[in-house]
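Let me begin by presenting the structure, written as structure tokens, before commenting on it.
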């Protein structure tokens, strides 16, 4: 009996320990291929060259155009999702009836369950033609519609995490504000939002991290032309799209071109890893304020 | 206008803006779904569901794509389900509050935030190259299992946490061992919540295209996979492939395939919501 119990506990422990193995494997896979890549292409070239053309005859290995593309689509997505998501969070907390809240929250979550390839189709076939009707210079593939659609996708992420943060603020603070004669709006922006700012910040950081790693929307709608630009109207390429582009082609295993996707993946991983850990840190450091 | 009136007006204005924001996303979603249905629903017929892919849009079907999606769904469930639940049980019931368990927790949170395409790179090196599997169903399912594992673990833990202490104490008082308590009391009491989480995780896996493209799943597979060692494609990859083509007829095909994919996703989510609802009704601690 004793032995059996120990064996079961051991198996359960092993299942939990596999998660560490996964992390180690991810880092090892990215590092080992990246190191081989950087033995042929210096890290200085990688960071300073202004073009990314590893698949052309004349090869340039500057990651910055891909980073710029990723940054651009992410910035547009956050510019859409942050005001809308935060307003929803405040509205549901300060204005809406409890019954409306329980009805609308699952509906908003539907936005996050739609497969991203479907959003990509939407961006390419609906949003881009619609925007082209009043933005004449807009290319068929562009960062703008990909970013907008990505923003719609991450609305529920910001709204639900921010809402949790706002509703964690003690009642007494809200009631004190009302007691001073504040309107709901003044209470929301004067008291509730500042009091839950760390939680709101966490939701924004996680949303950024999600947008940076998003693949199919940008692969379908934003183009495949690495370009060092902040112009949202022209085709660009993100880090994720480049990995997809190479994966679909016939790049031989072990070649320098093959290794570029791991160097690009490593760059992406570093960004999301830093963002995620920044959010954990903020959560840990500031969220116990009212306990 | 007095200051107080101004403030009240601003308050009202924000309320209207709040309602607008709450519905804007849903309205856009509705426009989009209607657009897709108008474009694609006429293309869905028995032939579309049972035909192999083709170079000609009018003759192409999604048989291999949805068969591949079902394969991936079942295989990923078989791999991630036991592993994730076992890990969840360990962390919630067995692990002591040590540095190691703390590290495990942070690590799982971190894994949940790793972009799906990175899991694709992991699968490419680990399963496709080192284990020499190639771009087959098993490699795809293993990759997606790793991707959804953190979600399964986190939801398992939450479901187990909701089981009150008294149930365990009662079981121990009757002389049950730790594992007997977990197996006979805690798991049956939390299985509804666990299943909800697993199904939500699977609905995420069904929509993933990027990691499978990276491990080398093909867009054109002229046969229905008959074992986990076969090459495969899935609905999201088929949709991606059709969307990338210039001809309008292929876009119609993509819209039709999207309707099928959304039906599968909504069905899975519906089951999850139903299970959660039933669980909440059945058990009142």
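Here, each number is a calculation from the coordinates, and none is a lab measurement. From a predicted model like this one, the values you see are computed outputs, not experimental measurements. Here the Cβ is made from the backbone with ideal geometry for all residues, glycine too, and neighbour counts use every protein chain on show.
From the largest down, segment B:1-147 spans 76, 61, 26 angstrom on the principal axes of its Cα atoms. Full extension of the chain segment joining residue A:107 with residue A:228 gains 39.7 nm, where the gain is 0.36 nm per residue of separation less the Cα-Cα distance.
Relative contact order (percent) for chain B, with alpha-carbon contacts under 8 angstrom and 6 or more residues of separation? Result for chain B is 27 percent.
Computed with the Debye formula from one identical point scatterer per Cα of segment A:114-180, without solvent, the log10 of I(q)/I(0) at q = 0.26 Å⁻¹ comes to -1.07. Computed from the Cα positions only, the extents of segment A:83-205 along the three principal axes stand at 54, 28, 25 Å, in decreasing order.
Comparing mean-square fluctuations of A:248, A:150, A:64 from a GNM of chain A with C-alpha springs under 10 Å, the top value falls on A:248. With R₀ fixed at 41 Å, the C-beta to C-beta distance from residue B:263 to residue B:162 puts the FRET efficiency at about 0.85. Within segment A:65-125, the percentage of alpha carbon pairs spaced more than 12 angstrom apart rounds to 77%.
Dividing the convex hull volume of the alpha-carbon atoms in segment B:88-202 by its residue count gives 125 Å³ per residue. Sorted into 10 angstrom bins from 0, the C-alpha pair distances of segment A:208-284 split as 17, 42, 30, 10, 1 percent. Based on Cα contacts under 8 Å between residues 6+ apart, segment A:97-177 shows a relative contact order of 34 percent. The distance between label points at residue A:250 and residue A:23 comes to 4.2 nm (points 7 Å beyond Cα on the Cα→Cβ vector). The base-10 log of I(q)/I(0) for the protein assembly as shown, evaluated at q = 0.06, 0.11, 0.13 Å⁻¹, reads -0.32, -1.10, -1.48 [Debye formula, identical scatterers on Cα atoms, solvent excluded].
Where is the GNM fluctuation largest for chain A (alpha-carbon springs, 10 angstrom cutoff): A:178, A:91, A:119? So, out of A:178, A:91, A:119, the one fluctuating most is A:178. Mean projection of the Cα convex hull over all viewing directions, computed for segment B:6-90: 11.6 nm².
Counted over segment B:217-285 with a bin width of 10 Å, the fraction of Cα pairs per bin, in whole percents, is 18, 30, 25, 15, 9, 2.
Using all pairs of distinct alpha-carbon atoms, the Kirkwood hydrodynamic radius of segment B:115-160 works out to 11.2 angstrom.
Residue by residue along A:272-279, Cβ atoms of other protein chains within 10 Å of the local Cβ number 3 on average.
Evaluating kT/(6 pi eta Rh) at 10 °C and 1.306 mPa s, with the Kirkwood radius of segment B:91-133 over Cα pairs in the Stokes-Einstein relation, gives 129 µm² s⁻¹. Each of the peptides A:124-135, B:95-106 was scored by the mean count of other Cβ atoms within 10 Å over its residues; in descending order, highest first, they stand as A:124-135, B:95-106. Round to a whole angstrom and tell me the spacing of the C-alpha centers of segment B:1-64 and segment A:10-62. Cα centroid to Cα centroid, the span is 38 Å. With the simple spin-label model, which puts each label point 7 Å out from Cα in the Cβ direction, the residue B:100 to residue B:8 separation comes to 6.5 nm. GNM remark for chain A: springs join alpha carbons under 10 Å apart, and the peak mean-square fluctuation among A:123, A:112, A:165 falls on A:112.
One equal scatterer on each Cα of chain B, no solvent, Debye formula: the resulting log10 I(q)/I(0) at q = 0.08, 0.16, 0.17 Å⁻¹ is -0.48, -1.22, -1.29. Shown here is the pair-distance distribution of segment B:58-144: with all Cα-Cα distances grouped in 5 Å bins from zero up to the longest one, the shares run 3, 12, 15, 18, 18, 14, 10, 5, 2, 1, 1, 0, 0 percent. Helical runs assigned H by DSSP (4 residues or longer) give the protein assembly as shown a calculated mean residue ellipticity at 222 nm of -23000 deg cm²/dmol, each run adding -39500 (n - 2.57) before division by the residue total. Calculated FRET efficiency, residue B:183 to residue B:271, Cβ-Cβ distance, R0 = 22 Å: about 0.35 to the nearest 0.05.
For the segment B:202-214, counting C-beta atoms of other chains within 10 Å of every residue's C-beta and taking the mean gives 5. Within segment A:64-286, the percentage of alpha carbon pairs spaced more than 22 angstrom apart rounds to 57%.
With axes computed from alpha carbons, what is the tilt in degrees of helix A:64-90 against the longest principal axis of chain A, rounded to the nearest 10 within 0 to 90? That helix lies at roughly 10 degrees to the long axis.
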